[in-house]
1. Based solely on its DSSP helices, what 222 nm [θ] is calculated for the chain when runs of n ≥ 4 H residues each add -39,500 (n - 2.57) and the sum is averaged over all residues, nearest 500 deg cm²/dmol?
2. Can you list the GluC sites (Glu not before Pro) in the range 1-69 that are in a DSSP coil and have 14 or fewer other beta carbons within 10 angstrom?
3. Taking Lys8 as the anchor, which lysines have their alpha carbon closer than 20 Å to its alpha carbon, excluding any fewer than eight residues away along the same chain?
4. Restrict the search to the range 6-112; then list the chymotrypsin sites (Phe, Trp or Tyr not before Pro) that DSSP places in a loop and that have at most 15 other Cβ atoms within 10 Å of their Cβ.
5. Taking a cut-off of 25 Å between Cα atoms, list the lysines near Lys73, but don't count ones fewer than 8 places away on the same chain.
6. Tell me the Kirkwood radius of the chain: reciprocal of the mean inverse pair distance over distinct alpha-carbon atoms, in Å.
7. Probe of 1.4 angstrom, ligands and nucleic acids ignored: what's the accessible area per residue over the chain, in square angstrom?
Amino acid sequence: MSRPPHDKKWYNQDPRSQQIHAGLEDGCYVYVQDIDGTVLVLPDAQHQHVRVLGERKPALYAGDLTIENGRIKDLTNSSGTFQFDDANGLLEVALVLKSMGIPIDVGAVRLFSHVDSARPRVLE
């Protein structure tokens, strides 16, 4: 189920926002899965999730990820803007990325709880 960002302020889409793809430069990114299932990314920085889609558009899921040597080393639901916390949504994002030919390391898919500060749960 989609949800709008918690931030009520209107932001334009960042011009650097792009669909994730195999061969994306190594680095840390925020991602948002739009309502069509497309995963878009921006370089990680404070309060970027709301700028990935812009215009307070709803998302199916959001979080952050790290790419090293063309592989996803970390894929989480960490996003204060959207605060998704269902495991199935995160696993769906992982499936989309794998279907695009982007390898994901074992142990990289981790779910954080927005309710407490417990350690993340490794999903995959």
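The values are calculated or read from the model by the stated rules, or taken from the named source; none is laboratory data. All values reported here derive from a predicted model rather than from experimental measurement. Here Cβ is always computed from backbone atoms with ideal geometry, including for glycine, and neighbour counts include all displayed protein chains. Ligands, DNA and RNA are stripped out before the accessible areas are found, and what is left, the full protein with its side chains, is counted by its heavy atoms. Shrake-Rupley method; radii C 1.70, N 1.55, O 1.52, S 1.80 Å.
1. Working: 2 runs with 18 residues, N = 124.
One gets -4000 deg cm²/dmol as the mean residue ellipticity at 222 nm.
2. Answer in residue order: Glu25, Glu55.
3. Lys57
4. Working: sites: Trp10, Tyr11, Tyr29, Tyr31, Tyr61, Phe82, Phe84, Phe112; in loops: Trp10, Tyr11, Phe82, Phe84, Phe112.
Sites meeting the loop and neighbour criteria: Trp10.
5. Lys98
6. Taking the inverse mean of 1/r over all distinct Cα pairs, the chain comes out at 14.2 Å.
7. Details: 6640 Å² over 124 residues.
Using a 1.4 Å probe on heavy atoms only, each residue of the chain averages 54 Å².
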